[in-house]
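These notes concern the structure reproduced below.
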Amino acid sequence: MSDFTALLKSRRSANKFLNDVEITEQDLDTIFNLVKYAPSAFNLQHTHYVVVKDLDLKEKVYEAANNQYKVRTASAVIAVLGDPKAYEDVATLNEGLLNLGVISNQEYDMTVGSTLAFYEERGETFQREDAIRNASLSAMQMMLIAKELGWDTCPMIGFDPIALKEALDIPDAYVPVMLVAIGKEDTSSQRPRGYRKPVAEFVKYV
């Protein structure tokens, strides 16, 4: 079994965390410096994160998350946000390649124009959905990286997005995609892993 396979199988959604375990900003920076390599459509990097460690703010997130106890015991709670208008940054994001001579002015103009047209033609619903897609990819990578570095996580969709945005002063431009609780799992009463479908039930080869 490879190291990655072992990591993949060891990652669990932690429903209970050990109290009073601190996660430092240095630990979090290490995670996010690897998270930035997650794939994103057109390299637009739609995902933004808000890390909540402050106890008063965490209590507000706890209330917005339907009083889920794991929020209180986690070392931090991370709001994963998607930016539906990320495509508007395509020019800035490609300037480095242009300045390095990796792409020509013609290629730069073509990339910017085609990306803007791709999103604008598909409209706001598609832009929102794509922000969620890309933020979800980033969040999954974050959870695997966290596990590699000894931290346990739990993705959460049970929250009031309006209350969350108010609690964390999240701009209206961003879509709250999920919360991720992070800390050290309390395994004293860990349940067995839930049933996983056999491959034949969810894969079709054509």
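Figures for the structure shown
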| read-out | value |
| --- | --- |
| Separation between Cα centres of segment 6-50 and segment 106-125, rounded to whole Å | 30 Å |
| For the chain: Kirkwood Rh in Å [reciprocal of mean 1/r, alpha carbons] | 18.9 Å |
| Amide hydrogen neighbours beyond the local backbone of Arg12, cut-off 5 Å, H modeled | Thr153 |
| 14 Å reach of a label modelled at Ser114, 7 Å along Cα-to-Cβ, counting backbone N of segment 20-56 | 42-43 |
| For segment 134-150 and segment 174-206, distance of Cα centres in Å | 13 Å |
| Gain on full stretching of the segment that runs from Thr30 to Glu124 - 0.36 nm per residue minus C-alpha separation | 30.5 nm |
| From phi via Karplus (6.51, -1.76, 1.60), per-residue ³J(HN,Hα) for segment 39-49 in Hz, x at Gly/Pro | x, 8, 4, 6, 6, 7, 6, 5, 8, 10, 10 |
| Loop-resident sites, segment 1-101, for chymotrypsin sites (Phe, Trp or Tyr not before Pro), counting at most 12 other Cβ within 10 Å (DSSP) | Tyr37 |
| Candidates per GluC sites (Glu not before Pro) in segment 1-103, loop by DSSP, up to 13 other Cβ within 10 Å | Glu22 |
| For the chain, built as a Gaussian network whose Cα springs stay under 10 Å, the top-fluctuating residue of Leu100, Leu44, Leu18 | Leu100 |
| Selected from Val102, Val112, Val61 as most flexible by GNM, with the chain as the system and alpha-carbon contacts under 10 Å | Val102 |
| Calculated P(r) of segment 1-82 - Cα pairs past 19 Å, % | 53 percent |
| Radius of gyration and maximum dimension Dmax of segment 139-206, Cα, Å | 16.7, 48 |
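Bear in mind these aren't lab numbers, they're just calculated from the coordinates by the rules spelled out. These numbers come from a predicted model, not from an experiment. Every residue, glycine among them, receives a Cβ derived from its backbone with ideal geometry; neighbour counts consider all protein chains shown.
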